[in-house]
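Asks: Pasting a structure below so you can have a look.
Every number here is computed from the coordinates shown, using simple stated rules; none is lab data. A quick note: this is a predicted structure, and the numbers were derived from the prediction, not measured. A quick note on method: Cβ atoms are made from the backbone with ideal geometry, for glycine too, and the neighbour counts reach across all protein chains shown.
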Amino acid sequence: MSKVKASRTAVRLLLLAAALFFAIGGPLPVWLKRLIPALSPLTTVAESIAQRAGYAGFFWALPPLTLLVLAFWKGRFFCQHLCPLGTLYSLPQKFSLKKKLLPIRLNALIFWLVMFSSVFGLPALLFLDPLSTFNRIGIGLTWGPGLLVPAFLLLSFFQPQVWCTHLCPLGYGFDLVHRKTGKQVFNRDRRQFLAGLGIGGAAALILPKVGKKSANPSVLPPGATVKFAKTCTRCYACVSACPSKIIRIKSGGGLTELSMPELRFDHGICEEFCNRCSQVCPTGAIRTLTQSQKHSTQIGIARIEKEKCLAWADNEYCMVCDEYCSYGAIETEWHGEIACPVINQKLCRGCGGCENACPAVRAGKALLIHPLNPQTTIEGKS
Ligand code: SF4
Ligand code: SF4
């Protein structure tokens, strides 16, 4: 191996290690978890089209736009030197059996499908973005989109870097903006452009109607927009950033909700002054909130199921929910000598403190958080 090639490989491996460190996190500033998925020009452009807004702001839009400008001159420079997923998939190259499992290149189809579905407000297949895909490593092996990395690593043992050469929509985007290859690449893949237009448009209209909506709608992270399920790329930066570990991956639900993050309060609560998930989301699916904005955000409202409640149903003294409510949203209604809890809907934030603490076991928890979508802000008291 020449010295230049060796030093290039060393730099790529170093960048891969840094990207892994950012994705996994640890004692690093939380915003670094946003860095890798937010670098993608594909995500930035598709989400801006879908949301009809420059959701990222100048600071976060600058790096992906710089990569786009770089691609105009240098084509797939990012893929060849910087992309952590590309480096990861290149690791098995030496041992590859060099079989042709996937003979057709589908990058153009995926790219145009993402773009045209974004025009209709639902960036379908954007979970395939390589940088969101890479970032999922941060939470370990999971079902759904979390299986992409191990699957393509395995495939790379048969067909070297099959993802990069045959499927990656970001790599195709770089080819397309390259001043030397762009026109040629567009002409070569004109059929896939037309297919992307048709399938992308249809997908955006049909997907929201496919699948059974779940009986229990999801409580979403504070700052989640009404387009949360459609615009989230399942990068899981929020999942790994949450110190309470209450952001979990949804199973079931409609097709647009598949594998999306949702809040569950069985092992923790949404802490009063925490806004970490809103700081790391690279797609605008969760708006950035300051700590005080987060404090006054109502993500849901607790409801008491009286037939399960130790006080209401069993005449026992309990009121544990009141002890654990940080917002004074549990009020007392006296029934004889028994204090029974009542929710003040104007104060409840849906943090899950009461649901998590409720000791009722006979028929399950007596308090459940019901989501608010859109989320609301409590004015005045905070
Ligand atoms: S705001 Fe709530 S859900 Fe988001 S990271 Fe903090 S504790 Fe987790
Ligand atoms: S909501 Fe979470 S998983 Fe979805 S894009 Fe934002 S940070 Fe990633």
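Asks: Could you go through region 158-167 in sequence order and give the Karplus-derived ³J(HN,Hα) for each residue, using 6.51 cos²θ - 1.76 cosθ + 1.60 with θ = phi - 60°, rounded to whole Hz, and x for Gly and Pro?
Replies: Karplus-based 3J(HN,Hα) across region 158-167 equals 9, 10, x, 6, 4, 4, 5, 7, 10, 10 Hz.
Asks: Which percent of the Cα-Cα distances in region 66-136 go past 19 Å? Walk me through the numbers on the way to the answer.
Replies: Numbers: 1343 of 2485 pairs.
Value for region 66-136: 54 percent of Cα pairs lie more than 19 Å apart.
Asks: Between Tyr317 and Arg248, what is 0.36 nm times their sequence separation minus the Cα-Cα distance? Round to one decimal in nm. Walk me through the intermediate numbers first.
Replies: Details: separation 69, 0.36 × 69 = 24.84 nm, distance 3.31 nm.
Answer, rounded to one decimal: 21.5 nm.
Asks: Is region 203-251 best put as rounded, prolate or oblate by its Cα gyration tensor, with a ≥ b ≥ c the root eigenvalues, rounded for a/c under 1.5, and otherwise prolate when a/b is larger than b/c, oblate when not?
Replies: Numbers: a/c = 2.22, a/b = 1.70, b/c = 1.30.
Prolate is the answer for region 203-251, as a/c is 1.5 or above and a/b outweighs b/c.
Asks: State the answer as a single residue: which of Phe111, Pro27, Trp73 lies farthest towards the positive end of the charge dipole of region 3-209, with beta carbon charges of +1 for Lys and Arg and -1 for Asp and Glu, about the Cα centre.
Replies: Of Phe111, Pro27, Trp73, it is Trp73.
Asks: Let me ask something else about it. I need the semi-axes of the equivalent ellipsoid of region 295-342: take the C-alpha gyration tensor, multiply each eigenvalue by 5, square-root it, list largest first in whole angstrom. Write down the numbers at each step before the final one.
Replies: Values: eigenvalues 95, 26, 13 Å².
Each semi-axis is √(5λ); the values are 22, 11, 8 Å.
Asks: Modelled label-to-label distance, Asn216 and Ala18, 7 Å Cα→beta-carbon offset: nm?
Replies: Reported label-point gap for Asn216 and Ala18 is 4.3 nm.
Asks: Pull up all non-local amide H partners of Ala224: gap of 5 or more, or a different chain, and H-to-H distance under 5 Å with H placed in the peptide plane.
Replies: Arg287
Asks: Here's something else I'd like to know. From the P(r) of region 3-209, can you give the percent of Cα pairs sitting at distances over 32 Å? List each step's numbers first, then the result.
Replies: Details: 2957 of 21321 pairs.
Here the long-distance tail beyond 32 Å is 14 percent of all Cα pairs in region 3-209.
Asks: Right, another one. By how many degrees, between 0 and 90 and to the nearest 10, does the Cα long axis of helix 107-119 differ from the longest principal axis of the chain?
Replies: Its long axis makes an angle of about 40 degrees.
Asks: Which value, in debye to the nearest 20, gives the size of the charge dipole of the chain about its Cα centre, when Lys and Arg are +1 and Asp and Glu are -1 at the Cβ? The partial results should precede the final answer.
Replies: Working: 42 positive and 20 negative charges, 560 e Å.
Dipole magnitude for the chain comes out near 2680 debye.
Asks: Something else about it: Rounded to the nearest 0.05, what FRET efficiency is calculated for Ala6 and Arg179 with R0 set to 30 Å and r the Cβ-Cβ distance?
Replies: Values: r = 30 Å, r/R0 = 1.01.
With R0 = 30 Å, the Cβ-Cβ based efficiency is 0.50.
Asks: Follow-up. Mind giving me the nanometre distance, one decimal, between the label points for Arg303 and Thr377, set 7 Å out from Cα along Cα→Cβ?
Replies: In this crude spin-label approximation the distance works out to 2.7 nm.
Asks: Here's something else I'd like to know. Suppose a student asked you for the relative contact order of the chain, using Cα pairs under 8 Å spaced at least 6 residues apart; what percent would you report?
Replies: Working: 721 pairs, mean separation 62.9, N = 382.
Reported as a whole number, the value is 16 percent.
Asks: Ok, one more. For a quick check: sort Leu131, Leu32, Leu91 by the number of other beta carbons within 10 angstrom, fewest at the front.
Replies: Working: Leu131 26, Leu32 17, Leu91 14.
Arranged by neighbour count, lowest to highest, Leu131, Leu32, Leu91 become Leu91, Leu32, Leu131.
Asks: A further question follows. How do Thr377, Thr288, Thr44, Thr233 line up, fewest other C-beta atoms within 10 Å first? Numbers along the way, then the final one.
Replies: Working: Thr377 11, Thr288 18, Thr44 26, Thr233 29.
Ranking Thr377, Thr288, Thr44, Thr233 by Cβ neighbours within 10 Å, fewest first, gives Thr377, Thr288, Thr44, Thr233.
Asks: Next up: Amide H to amide H, which residues 5 or more places from Leu368 or on other chains are under 5 Å from it, using H placed in the peptide plane?
Replies: Here the answer is Arg303, Glu305, since their amide H atoms fall under 5 Å of that of Leu368.
Asks: A follow-up question, please. Quote the charge dipole size of region 265-326 about the Cα centre in Debye, to the nearest 20; the model charges only the Cβ of Lys and Arg (+1) and of Asp and Glu (-1). Let's see the in-between values first.
Replies: On the way: 6 positive and 9 negative charges, 103 e Å.
About 500 debye.
Asks: Find out how many positive minus negative residues lie around Gln51, taking Lys and Arg as positive, Asp and Glu as negative, among other residues whose Cβ is under 10 Å from that of Gln51. If you can, show how the numbers build up before the last one.
Replies: On the way: positive: Arg52, Lys227, Lys230; negative: Glu47.
Computed value for this residue: +2.
Asks: I need the phi-derived Karplus couplings for region 312-317: 6.51 cos²θ - 1.76 cosθ + 1.60, θ = phi - 60°, integer Hz, Gly and Pro marked x.
Replies: Working through the residues one at a time gives 5, 8, 10, 6, 9, 7 Hz.
Asks: Under the Karplus relation 6.51 cos²θ - 1.76 cosθ + 1.60, θ = phi - 60°, what is the ordered set of whole-Hz ³J(HN,Hα) values for region 345-350, x standing for Gly and Pro?
Replies: 5, 7, 9, 5, 9, x
Asks: Distances longer than 29 Å among the Cα atoms of the chain: what percent of all pairs is that? List each step's numbers first, then the result.
Replies: Working: 34812 of 72771 pairs.
Counting every Cα pair in the chain, those more than 29 Å apart make up 48 percent.
Asks: If amide H atoms are built 1.01 Å from N in the plane of the peptide, which residues on other chains or at least 5 residues away come under 5 Å of the amide H of Gln298?
Replies: Distant-sequence amide H within range of Gln298: Thr376, Thr377, Ile378.
Asks: I've got another one for you. For Lys245, list the aspartates and glutamates whose Cα falls under 12 Å from its own Cα; do not include residues on the same chain fewer than 8 positions away.
Replies: Glu262, Asp266, Glu271
Asks: Go ahead and run the numbers for FRET between Phe273 and Arg190, Cβ-Cβ distance against an R0 of 41 Å, rounding to 0.05. If you can, show how the numbers build up before the last one.
Replies: Values: r = 54 Å, r/R0 = 1.31.
It comes to 0.15.
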